[in-house]
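Comments concern the structure below.
The values are calculated or read from the model by the stated rules, or taken from the named source; none is laboratory data. Remember, it's a predicted structure, so these values are computed and weren't measured experimentally. In this analysis, Cβ positions are derived from the backbone assuming ideal geometry, glycine residues included, and neighbour counts consider all displayed protein chains. When the accessible area is computed, the model is the full protein with side chains, heavy atoms only, and any ligands, DNA or RNA have been set aside. Shrake-Rupley method; radii C 1.70, N 1.55, O 1.52, S 1.80 Å.
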Amino acid sequence: MAIDPRHPHESFAGFWREYHMCTLTTPRPDGTPHVVAVGVTYDPEGGAKGIARVITNKNSRKVANVLAAGPEGAPVAVCQVDKGRWATLEGRATVRTDPDTVADAVARYAERYGRTPAPNPDRVVIEIALTRAMGRA
C-alpha cells in the first residue's frame, strides 16, 4: 500500500516510533544489493518528502556504497517487519558528517531506541531524502 512519506497515517508513523530493528539496502558498486541490520529514525517533516536517518561508522561498507554512487546519492531502502506489519521507506541516501547533524541523528536514535550510543568520533549519518513509503502497519 502506497503512503505519502510526508503525511503518513498515524498507524504507519506510530510503527516507526516503536522499537524495531530494520534493514538498510544499498547498492554495491557492481549493482548487487547489500543488506544490513540497522536502527532507523523517520522524520516525516524533514526535507521535501521526509527524511530517514541511520547512524553508523564512516568506515562501514554501507557508507562506502552510498559514497560510491556519487554526489546525487544512492537509491536505498529501509524496512522493518513485525509479524504481519511491515513498512518500507525509499529514497536517495547521502552521507552527512557535520557535528550538528550527527548529534541530531544520535538524539533521534536515543529517543526511538531508548539508549544513547557510546561516543564514536568516526560516526556519520546516512541521511535518506524520501521518495516513497509503503507498508501495512
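Quick notes on this structure:
- Accessible surface area normalised per residue over region 35-132 is 49 Å², counting heavy atoms of protein chains with a 1.4 Å rolling probe.
- Separation in nanometres of the label points that stand 7 Å from Cα toward Cβ, at Arg92 and Arg115: 3.6
- Within the shell defined by Cβ-Cβ distances under 10 Å, the residues around Thr131 carry a net charge of +2, with Lys and Arg each +1 and Asp and Glu each -1.
- Taking all C-alpha pairs of region 68-136, those more than 18 Å from each other amount to 52 percent.
- For Lys49, the solvent-accessible surface computed with a 1.4 Å probe is close to 100 Å², ligands and nucleic acids excluded.
- Looking at region 15-105, the chymotrypsin sites (Phe, Trp or Tyr not before Pro) that sit in a DSSP loop and have at most 12 other Cβ atoms within 10 Å of their own Cβ are Tyr19.
- Carbon plus sulfur fraction of accessible area for the chain, probe 1.4 Å, in percent: 53
- Estimated vicinal HN-Hα couplings, Hz - region 41-46 in sequence order (Karplus 6.51, -1.76, 1.60; Gly, Pro = x): 10, 10, 10, x, 8, x
- Translational diffusion coefficient of the chain (Stokes-Einstein, Kirkwood radius from Cα pairs, 25 °C, 0.890 mPa s): 165 µm²/s.
- Neighbourhood charge, 9 Å Cβ-Cβ cut-off, centred on His34 and excluding it, Lys, Arg +1 and Asp, Glu -1: +3
- Loop exposure criterion: GluC sites (Glu not before Pro), DSSP state outside H, G, I, E and B, at most 12 other Cβ atoms within 10 Å. Applied to the chain, the longest stretch between such sites is 73-137.
- Alpha-carbon centroid distance for the pair region 101-118 / region 19-84, whole angstrom: 16
- Summed over qualifying helices (DSSP H, 4 residues or more, each -39500 (n - 2.57)) and divided by its residue number, the chain shows a 222 nm mean residue ellipticity of -6000 deg cm²/dmol.
- Mean Cα-pair separation over length for the chain, i.e. relative contact order, pairs under 8 Å, 6 or more apart, %: 32
- Quarter of Cα convex hull surface for region 1-78, i.e. mean projection, nm²: 5.9
- Here the chain is assigned +1 on the Cβ of each Lys and Arg and -1 on the Cβ of each Asp and Glu. Its dipole about the Cα centre then comes out at about 340 debye.
- Pairwise FRET efficiency - Val36 versus Glu10, Cβ, R0 = 35 Å, nearest 0.05: 0.75
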